[in-house]
1. Please find, among 129, 104, 141, the residue that is surrounded by 19 or more Cβ atoms within 10 Å (Cβ to Cβ) and either touching a residue at least 12 places away in the same chain (Cβ under 8 Å) or of a type outside the set (Gly, Ala, Ser) (or both).
2. Looking only at residues that are of a type in the set (Ser, Thr, Tyr) and more than 21 Å from residue 117 (Cα to Cα) in the stretch 1-48, which one is surrounded by the most Cβ atoms within 10 Å (Cβ to Cβ)?
3. Just to be sure before I move on: is residue 75 of a type outside the set (A, V, I, L, M, F, W, C) and at pLDDT below 95 in the structure I sent?
4. Just checking, which of 93, 51, 71 is within 24 Å of residue 29 (Cβ to Cβ) and surrounded by 14 or more Cβ atoms within 10 Å (Cβ to Cβ)?
5. Would you check if residue 161 is in contact (Cβ under 8 Å) with a residue 40 or more places away in the chain and either within 11 Å of the chain's Cα centre (by Cα) or under 28 Å from residue 67 (Cα atoms) (or both)?
6. For the stretch 1-19, which residues satisfy the criterion of being assigned to a helix (DSSP H, G or I) and among the aromatic types (Phe, Trp, Tyr)?
7. Of the residues 117, 107, which is within 15 Å of the chain's Cα centre (by Cα) and acidic (Asp, Glu)?
8. If a residue must be exposed (fewer than 15 other Cβ atoms within 10 Å of the Cβ), without any contact (Cβ under 8 Å) to a residue 60 or more places away in the chain and not in a strand (DSSP E or B), how many such residues does the stretch 107-126 contain?
Amino acid sequence: MAWSVRRSQLQSLDRFHLTGRVAVAVASQGFNANIRWAQRGTRTRMVLSGPLGADAAQVTADGTSLSLITPHGRHLGDAAAQEILERQLGFEPPLTSLRYWVLGVPDPGTPATMTLDAEHRLLRLGQDGWSVQYQSYMTVGAAWLPRLLTVRRAGVRLRMVVDEWHLQ
C-alpha cells in the first residue's frame, strides 16, 4: 500500500486499544510498566501498572484537558496532573503526538521528517524535537502496526512493546 494512503488511513483511525509494556529512562533514572491504552476519538486513556496490576496510574487526555488518577486514588486535573506527570516522569510527555506515533504515523498537526522501509512503513520519524524509531511491526487484520518503537529526546528514552492491538 502506498505511504500516502497508509498514512491517511492510520491518522484517521480514532478507535483502538493496545496492551503492552513500556520502559522509560531519563538520565540515570528509569522505570518499567505494563500499559493499557484506549483511544476514542481525541480522548486517550492510558493505564500504567507494575507487575500484577500493582500501583496503577491512569492518564486521560483529549488535547485540551488532562487528568491523572494516582496509584493512591488521588484525582488530579490539568495543571496539577501535568506537574505530577512531569515530576514523576522527568519530562513533559508528548501525549497528543504519541497517539499517532504508536500507530506508526506522524502527528498531522506539525511538520515531520520521515524515513520509510521497503513496505512503506516508518523506520524513523522526527517531530517536535522527538525522534521515533520503529524496530518491528505486526499484522493486525489488513494493517501493519508497530510492535516495538523507541521515542527519544535529549536524555529521555521511552521504549514500547505492543503485545496486542484491537482496532474498532
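The values are calculated or read from the model by the stated rules, or taken from the named source; none is laboratory data. Everything quoted here is computed from the prediction, not taken from an experiment. Don't worry about glycine lacking a Cβ; one is built from the backbone with ideal geometry, like all the others, and counts go over all protein chains shown.
1. Details: 129 fails: surrounded by 19 or more Cβ atoms within 10 Å (Cβ to Cβ); 141 fails: surrounded by 19 or more Cβ atoms within 10 Å (Cβ to Cβ).
Result of the check over 129, 104, 141: 104.
2. For the stretch 1-48, the residue satisfying everything is 44.
3. Numbers: of a type outside the set (A, V, I, L, M, F, W, C): yes; at pLDDT below 95: yes.
Yes, satisfied.
4. Working: 51 fails: surrounded by 14 or more Cβ atoms within 10 Å (Cβ to Cβ); 71 fails: surrounded by 14 or more Cβ atoms within 10 Å (Cβ to Cβ).
Just one listed residue meets the conditions, 93.
5. Yes; evaluated as a whole, the condition is true for this residue.
6. 3
7. Checking each option against the conditions leaves just 107.
8. Qualifying residue count, the stretch 107-126: 6.
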